Amino acid sequence: MRPQGPMRLAVVSDDGLFCDGLVQVLSEQPDFAVSACRPTAGVTLAQLARAHHIILLDARSDRAMRSGTLPDHARVIFVGGVEDDAWATAMLLAGARGILTRTANRADLLHAIRTVCEGGIWARRRWLNACVLHVVDACRQRLVTQDTVDARLSPREREVLEHAATGVGNKELADRLSISEATVKAHLSHIFQKLGVPGRAALAAAYHEVSRTTNGVSR
């Protein structure tokens with residue numbers, strides 16, 4: 001969901017030229033409010049996430065991955081990444097919302113930021129596919145079945161699940177069901193907890209796996 005005021009962006013890197021270059025490019029956008037942050041400043045990514053809508057993190061830094069995962073609710077875009085499928089997939093599974101490689105241009109940067117701000121993910125299709133396959137395997141291990149969906153979710157939650165699994169954003173889902181975005185978020189939070197999945201990607205993978213395994217079975 002787009003913010004009401006300026007989109008607050010934090011550029012995080014210990015490379016001064018990297019920070020200055022991104023800040024200069026992004027400051028040209030009238031709806032962006034950009035600040036640079038050096039990792040040595042002692043500010044954590046979780047703190048930055050609370051103060052900014054999006055964090056643009058230098059992909060050369062290992063700061064974000066010391067614990068193997070990104071802070072909850074942090075919308076992080078890695079900038080300057082290499083074409084490494086294993087690395088990119090690992091970053092997405094850890095919670096990254098976007099990955100811009102070294103070949104990305106100014107237009108890619110702006111599109112990525114706006115896509116992530118609207119709730120999407122900016123990454124190569126093959127990386128997203130790898131994430132889905134990983135999540136499917138994890139969901140199989142959790143044994144999310146049609147029986148568990150029927151038993152654990154209310155009729156309204158199952159309806160939200162069916163729409164969310166198609167990849168629509170919260171606003172479109174809310175419009176389809178004639179409910180508020182806040183209600184959609186509340187339903188999704190309950191669904192995640194009840195099915196034991198970490199987020200929308202895992203939810204979609206679990207739903208499609210359940211649909212595949214129950215295809216043709218009368219219920």
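Read the figures in this text as sums done on the coordinates, not as results from a lab. On a predicted model such as this, the values are computed, not experimentally measured, just so you know. Cβ: placed from backbone, ideal geometry, glycine included. Neighbour counts: every protein chain shown.
Using amide H atoms built in the peptide plane, which far-off residues or other-chain residues are under 5 Å from Val34 H to H?
Leu9
With 10 angstrom as the radius, rank Ser61, Ser154 by how many other C-beta atoms surround their C-beta, starting from the fewest.
By the 10 Å Cβ count, ascending: Ser154, Ser61.
Let me check I have the definition right: for the range 7-123, take the eigenvalues of the Cα gyration tensor, multiply each by 5, take square roots. What are those semi-axes in whole Å, largest first?
18, 16, 14
So how far apart, in nm, are the two label points at His190 and Arg126 if each is 7 Å from Cα heading toward Cβ?
4.2 nm
With θ taken as phi - 60° and the coefficients 6.51, -1.76 and 1.60, list the Karplus ³J(HN,Hα) couplings across the range 109-119 in order, rounded to whole Hz; mark glycine and proline as x.
Along the range 109-119, the couplings run 4, 5, 5, 4, 4, 5, 5, 5, 4, 8, x Hz.
Mind listing the phi-derived Karplus ³J(HN,Hα) values for the range 55-60, rounded to whole Hz, using 6.51, -1.76 and 1.60 with θ = phi - 60°, and x for any glycine or proline?
Karplus-based 3J(HN,Hα) across the range 55-60 equals 10, 9, 9, 4, 5, 7 Hz.
Short version: ³J(HN,Hα) in whole Hz for each residue of the range 89-94, in order, from phi by Karplus 6.51 cos²θ - 1.76 cosθ + 1.60 (θ = phi - 60°), x for Gly and Pro, what are they?
5, 4, 5, 5, 5, 7
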